[in-house]
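The values are calculated or read from the model by the stated rules, or taken from the named source; none is laboratory data. All of these numbers come straight from a predicted model, not from anything done at the bench. No Cβ is skipped: glycine too gets one built from the backbone with ideal geometry, and neighbour counts run over all protein chains shown. Note: accessible area is taken over every heavy atom of the protein model, side chains too, but ligands, DNA and RNA are not part of it. Shrake-Rupley method; radii C 1.70, N 1.55, O 1.52, S 1.80 Å.
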Amino acid sequence: MKEFQSLRESLCPTFGLRQRMLHFIQNLVYYMMFEVIEPNWQTMENAISSGKKQSGNRGFGISMATGQERGKDGDQTIDDILAMHNEFLRRTLKDCLLTNGELIRTLTKLMTTCLLFSDQMNLFVETTQINEERDRIAKEERQKRQHNISIVSKRSRLRKTAKDQAAARKARWEAHTELLEGELNTDSYKRMISRFSQVFNNNLTDFMTQLRDSGECANLLSRLDFNGFVSSSLKL
């Protein structure tokens, strides 16, 4: 929809809401993948490779109470590997917020809101046939270029035909833009975007408040509000 420059003002609330949702989803996925799962997996692999058996909560090592629990020559047994894997799962579940019921409920609401917004935007695109019109014009442009390459004579007639085709495409594009502008300025569309924005902001406020009060996942909190914009706009 970037082609509709004249509709930028009408599309601004929609694009702004989409960008806030993208910011949240991208930073949540990055945090879980690269700050939780990947480091914990690497720590577990290193512990298994080094055959570490330490007591306490540090690393993925485990304490060995008696000599009978050790494998031959003190090597790790399958029970040791399972214990390390269970520790990996425990840490990963905790750091991914999957053990905090209150945070999970709020996070589920946020994700559901994003999915519903995406579905509504897909329906809007299908209804207004934005992609179909864009693809049709792009196809005509490709055909025009291929025609220009294949025909080297009769240049004057070719230029006239190309000019007429360009004028027809421009007229169709302007008519489609006018149709879109009418749809974007309807009360129902504005109410839909306003409602999605309100629900998303409310859920994000609850999520970040709960995250801050729990004292967990400080890295995620700082990623979501790295410049203070979210906390200031939501008045946290």
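A quick yes/no check of all residues on (1) among the charged types (D, E, K, R); (2) modelled with pLDDT of 95 or more; (3) open to solvent by less than 80 Å² (accessible area, probe 1.4 Å); (4) farther than 30 Å from Thr112 by Cβ:
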| residue | (1), (2), (3), (4) |
| --- | --- |
| Ser55 | no, no, no, yes |
| Gly61 | no, no, yes, yes |
| Asp75 | yes, no, no, yes |
| Ile81 | no, no, yes, yes |
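Determine whether the stretch 90-104 contains at least one residue that is modelled with pLDDT under 60 and open to solvent by 40 Å² or more (accessible area, probe 1.4 Å). No, because not a single residue in the stretch 90-104 is modelled with pLDDT under 60 and open to solvent by 40 Å² or more (accessible area, probe 1.4 Å). Just one residue in the set Asn219, Asn203 is open to solvent by 40 Å² or more (accessible area, probe 1.4 Å), part of a helix (DSSP H, G or I) and touching a residue at least 12 places away in the same chain (Cβ under 8 Å); that residue is Asn219.
Among the candidates Ile193, Ile151, single out the residue that is surrounded by 11 or more Cβ atoms within 10 Å (Cβ to Cβ), farther than 26 Å from Asp95 by Cα, among the aliphatic types (A, V, I, L, M) and modelled with pLDDT of 85 or more. Spell out the reasoning first.
Values: Ile151 fails: modelled with pLDDT of 85 or more.
That would be Ile193, the only listed residue that is surrounded by 11 or more Cβ atoms within 10 Å (Cβ to Cβ), farther than 26 Å from Asp95 by Cα, among the aliphatic types (A, V, I, L, M) and modelled with pLDDT of 85 or more.
If a residue must be among the aliphatic types (A, V, I, L, M) and under 17 Å from Phe124 (Cβ atoms), how many such residues does the stretch 182-236 contain? The qualifying residues number 3.
Within the stretch 224-236, the residues that satisfy the criterion of being part of a helix (DSSP H, G or I) and open to solvent by 70 Å² or more (accessible area, probe 1.4 Å) are Phe229, Ser232. Note on the stretch 1-49: residues that are at pLDDT below 85, over 24 Å from the mean Cα position of the chain (by Cα) and either surrounded by 12 or more Cβ atoms within 10 Å (Cβ to Cβ) or within 30 Å of Met84 (Cα to Cα) (or both) total 2.
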